[in-house]
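Written below as structure tokens is the structure these notes are about.
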Amino acid sequence: MTALLEVEDLRVAYGKIEAVKGISFKVDAGEVVTLIGTNGAGKTTTLRTLSGLLKPVGGQIKFGGKSLKKVPAHQIVSMGLAHSPEGRHIFPRMTIEDNLRLGAFLRSDRAGIEKDIQRAYDLFPILGERRKQAAGTLSGGEQQMLAMGRALMSQPKLLMLDEPSMGLSPIMMQKIMQTIAELKSQGTTILLVEQNAQAALSLADHGHVMEVGSIVLSGSGRELLHDESVRKAYLGED
Amino acid sequence: MTTQTTAPKTSGGVAGDGSTGLIGIPAHLGRALATGGGLLTVVSTFLAWTWTAEFPGDLTVYGYPGGLQVLVLIAGALTTLLGLASYGVRGLGWLVPAGADAALKFAALSAFATTWYTVIAISAQLGGLVNLEPGAYVAAAATLVAFLGALALPFERPEPDPFDPDDTGWEQFKHTSGNNWQTVKAAFASGTPRTLRPLPSYVEILIIVAVLAVALLVFTYGIGTEYDELFVGFLITAGLGFAALNKAGLIAQATQITSRHTNITVCGAFIAAACFPFTQTDDQYATLGVYILIFATVALGLNIVVGLAGLLDLGYVAFLGVGAYAASMVSGSPSSPFDLHLPFWAAVLVGAAASLVFGVLIGAPTLRLRGDYLAIVTLGFGEIFRITANNLDGTSGPDVTNGSNGISSIPDLNVLGFDLGVQHDIGGFTIGRFANYFFLMLIITAVVVLVFRRSGDSRIGRAWVAIREDETAALAMGINGFRVKLIAFAVGATLAGLAGTVQAHVTYTVTPEQYLFAGTTPPNSAFLLAAVVLGGMGTIAGPLIGASLLFLIPNKLQFLGDYQLFAFGLALVLLMRFRPEGLIANRRNKLEFHEEAEAPTTLSKTGA
């Protein structure tokens, strides 16, 4: 069986500066895979390229066996690849419900959309309580929940989360991580980009450590969590 | 000034008891003065204000108010009513659902400003105070007393921001004036209106009818003002009177009711607009009506592009021009290169289709740009259209548009055997040429309103708003940004073209100079954009009201003359400072511009 997502020798550049220097990894259906690394390692660039917001300079991206190279961003979503972008990017002046509906923009099955909105409210009860409120009035953590709920509305085969814990309080972060674990147990395939290596690795089936545009270390989540160099570099141990 | 604050030095009772008036007259006396002054104002309008009929409006008659006196009478009556309501007189409570005091202040200010404007205008125009009759002195005194009395009404004083002891003199001055401004603002602030319990729907519909009738009356009065002074007085009275009703909470309640019956309100508004020509005895003001409608309709079309999709288009008037040119060429005009005379419905289709094609042709390359770049490129295309139309005259290029002479002698329309060029008598009313076109244009406006409402509420409308709010996120939702923007551009262009087809026939002539970027007469691209921004982006009523004001004010105030654009710029700057969301606020824009209003935070400004 081929993997759901296969990335091979992917190169992305901003002008002359190469931000991603030929990385390869794959994500199987039902897995949680994480990319960890410091600022500027190229994690976000990788995700933005996968969802078509940036164009690669070289390499291959195959999603469900098809190349994504020439596919524009809005069609990538319809193929089942959803992206919850870094910094959340919710629509602050729309209501929470309108935000969720926009997540289902490409779907036309009304009953299914209503059901999925309800599902998002079940997953994040706070959103259900405030469904008519402008999304900009939510706290950072709640906005992150909304961004995730919105990405799920497109019924993705693969959900890409870019730093969902960024700027959140420890309690809120724990809550987000619990939700990701819940999504995983429901069978959602997730590609997770995180700076919080501890949290990400304890969830992930596979992890890849990125440094300045390259993958320097790969392994199962458990292996990496106990790896000497990872512990030193990312978990703050001497 | 975020930290290091000390308690206010003046720890006296001023901030503590928090309910004195702006000036030191006892509150009960102030209330009596305001109410009595209002009543006296009403009486004074029945007196003569000046001895000669040289001042327009004939203010010399005892027992019958005329001209500006009518406006003062209305403002005085409003003051009296609000004053009585503030005493809690039975049967007047419905007037002031949000409290009477702030409304009373505005009403008194309205009477005061209109009266004093009149008195000063009389003295200035006729050369001296000697030209005033006792009535004018009575009116001036009565309104002054009423206004001072109203200012003495108590209000909730805001807690002044404490001083920073390290402030320099200038900073302290700024601080003090800031506090004073806050106090003045509080003096004119009112509470939130109590929510209206649902009335039986026939009552609510009757209220809507009444509101629309008043609106029609106000509009008809404004459009029919015959001299500068009356129009200025009208603006003062109407503006401040509206503010008074707004503070009283009546406007909020009317909005509540109309939003419960949107369809009825929209239909009613069109019926009210259709009544306008019947209120006129000749065609003079129907002319203004048609031009306002053309301007307003095009502004509404632009509102789809700017207000909904957030694309700043500075060359929008070109689409109006394309529609007008296309319609004029198939109108049978002798200066058209085509010897064609299509019926109206076909001409409309040709005009709209030409604009649609032009919109897509311009949009396809330019919509890949964002923000300011798009604005500059559309500005360029707008000018390219005008210059091209100028050059296609047979000497600089092929003869298509007849150059700067334009296409002239466009025949009047004949719709289903109804000749719009001649007078008709309908039920005793004489409906002239411009009134005919007014009705036709009203239908076009209805189409544009319909398109705006339906598309705004639809899937594509949500996509437009999403693109405007956050293009990156919208793309991540699977919205095809380019296509969605192109649709907005094309729809906007088509609607403008639709209006252009009627415009060509109304004006008889289509020349390139009618479609400038900026000029002194609307519609031009700058005025169209201003109408949208002034009225309120993303709303239907906003551009209609904005366009009416922008058309009427330069048209009525001839004395502005060369300073017209200056005054216009000044007004825009002031509006952007004090009401950036426009006269009619869209719910979403309100959130953007007044975040603190919608999202009360538990943290104070100092972070304590």
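The values are calculated or read from the model by the stated rules, or taken from the named source; none is laboratory data. Everything quoted here is computed from the prediction, not taken from an experiment. Here the Cβ is made from the backbone with ideal geometry for all residues, glycine too, and neighbour counts use every protein chain on show. Please note that ligands, DNA and RNA were not included when accessible areas were found on the heavy atoms of the full protein model with its side chains. Shrake-Rupley method; radii C 1.70, N 1.55, O 1.52, S 1.80 Å.
How are the Cα pair distances of region B:477-559 distributed, in percent, across 5 Å bins from 0?
Bins of 5 Å from zero give 3, 12, 15, 23, 22, 13, 6, 3, 2, 1, 0 percent of pairs.
Kirkwood Rh, region A:109-238, all Cα pairs: how many Å?
One decimal place: 16.0 Å for the Kirkwood radius.
Quick one: order B:275, B:267 from most to least accessible surface, probe 1.4 Å.
Values: B:275 55, B:267 80 Å².
Solvent-accessible surface, decreasing: B:267, B:275.
Hey, rough spin-label estimate for residue A:129 and residue B:453, points 7 angstrom out along Cα→Cβ, what's it come to in nanometres?
Taking the two extended label points, one gets 3.7 nm.
Could you give the alpha-carbon Rg of chain B over 2.2 N^0.38 Å, rounded to two decimals?
Values: Rg = 27.1 Å, N = 608, 2.2 N^0.38 = 25.1 Å.
Computed over Cα atoms of chain B, the ratio equals 1.08.
Ignoring ligands and nucleic acids, what accessible area does residue A:121 show with a 1.4 Å probe (Å², nearest 10)?
Rounded to the nearest 10, that gives 10 Å².
Principal axis extents for the protein assembly as shown, Cα atoms only, whole Å, descending order, please.
Largest first, the protein assembly as shown extends 102, 86, 56 Å along its Cα principal axes.
Kindly compute the accessible surface that chains B and A hide from a 1.4 Å probe when together, both sides summed, and give it to the nearest 100 Å². Walk me through the intermediate numbers first.
Details: alone 28910 and 11470 Å², together 38200 Å².
By this definition, chains B and A bury close to 2200 Å².
What full-extension length gain, to one decimal in nm, is calculated for residue B:181 and residue B:422 as 0.36 nm per residue of separation minus the Cα-Cα distance? Kindly include the intermediate steps, with their values, before the conclusion.
Values: separation 241, 0.36 × 241 = 86.76 nm, distance 5.72 nm.
Length gained between residue B:181 and residue B:422: 81.0 nm.
Please report the accessible area of residue B:89 (heavy atoms, 1.4 Å probe, ligands and nucleic acids excluded) in Å², nearest 10.
60
With angles folded into 0 to 90 degrees, how steeply does helix B:284-303 sit against the dominant principal axis of chain B? Use alpha carbons for both and round to 10.
80
Could you work out the percent of alpha carbon pairs in region B:437-507 separated by over 18 Å, rounded to a whole number?
47
Ordered by packing density, taken as the mean number of other Cβ atoms within 10 Å over each peptide's residues, highest first, how do B:289-296, B:545-552 rank? List each step's numbers first, then the result.
Values: B:289-296: 25.9, B:545-552: 24.0.
Per-residue Cβ counts within 10 Å, averaged per peptide and sorted highest first, yield B:289-296, B:545-552.
How many Å³ per residue does the convex hull of the Cα positions in region B:186-318 occupy?
On the way: hull volume 22.9 nm³, N = 133.
Dividing the Cα hull volume of region B:186-318 by its residue count gives 172 Å³.
Taking every residue in A:69-81, how many Cβ atoms of other protein chains lie within 10 Å of its Cβ, on average? Before the final figure, lay out the partial values.
Numbers: counts 0, 0, 0, 4, 9, 11, 2, 3, 6, 2, 1, 0, 2.
For this peptide, the per-residue mean of nearby foreign Cβ atoms is 3.
Across bins of 5 angstrom width beginning at 0, how are the C-alpha pair distances of region A:16-163 distributed, in whole percent?
All Cα pairs considered, the percentages come to 2, 9, 18, 20, 19, 15, 10, 6, 2, 0.
Using 7 Å Cα-to-Cβ label points, what is the residue B:256/residue A:17 separation (nm, one decimal)?
Taking the two extended label points, one gets 5.7 nm.
HN-Hα J couplings of region B:168-179 from phi, Karplus 6.51/-1.76/1.60, θ = phi - 60°, integer Hz, Gly and Pro as x?
7, x, 4, 5, 5, 4, 4, 4, 5, 5, x, 4
Show A:132, A:43 ordered by accessible area, largest first, where the area counts protein heavy atoms only and the probe is 1.4 Å.
On the way: A:132 150, A:43 10 Å².
From most exposed to least exposed: A:132, A:43.
Bin by bin, in steps of 5 Å, what percent of the Cα pairs in region B:25-65 do you find, going until the bin that has the longest distance?
Calculated over all Cα pairs of region B:25-65, the distribution is 6, 24, 18, 14, 12, 11, 9, 6, 1 percent.
May I ask you to give the average projected area over all directions of the convex hull of the Cα atoms of region B:283-544, in nm² rounded to one decimal?
On the way: hull surface 56.3 nm².
With the hull built on Cα positions only, its mean projection is 14.1 nm².
Hey, what number do you get for chain A at 222 nm if only DSSP H runs of n ≥ 4 count, each worth -39500 (n - 2.57), divided across all residues, to the nearest 500? Kindly include the intermediate steps, with their values, before the conclusion.
Details: 10 runs with 89 residues, N = 238.
Calculated at 222 nm, the ellipticity per residue is -10500 deg cm²/dmol.
Can you check what the Kirkwood hydrodynamic radius comes to for region B:131-262, Cα pairs only, in Å to one decimal?
Values: mean 1/r = 0.0522 Å⁻¹.
Result for region B:131-262, one decimal place: 19.2 Å.
To the nearest 10 Å², what's residue B:471's accessible area with a 1.4 Å probe?
Counting only protein heavy atoms, the figure is 40 Å².
Between residue B:364 and residue B:29, with labels modelled 7 Å along Cα→Cβ, what's the label distance in nm to one decimal, could you check?
Using points 7 Å along Cα→Cβ, the separation is 7.8 nm.
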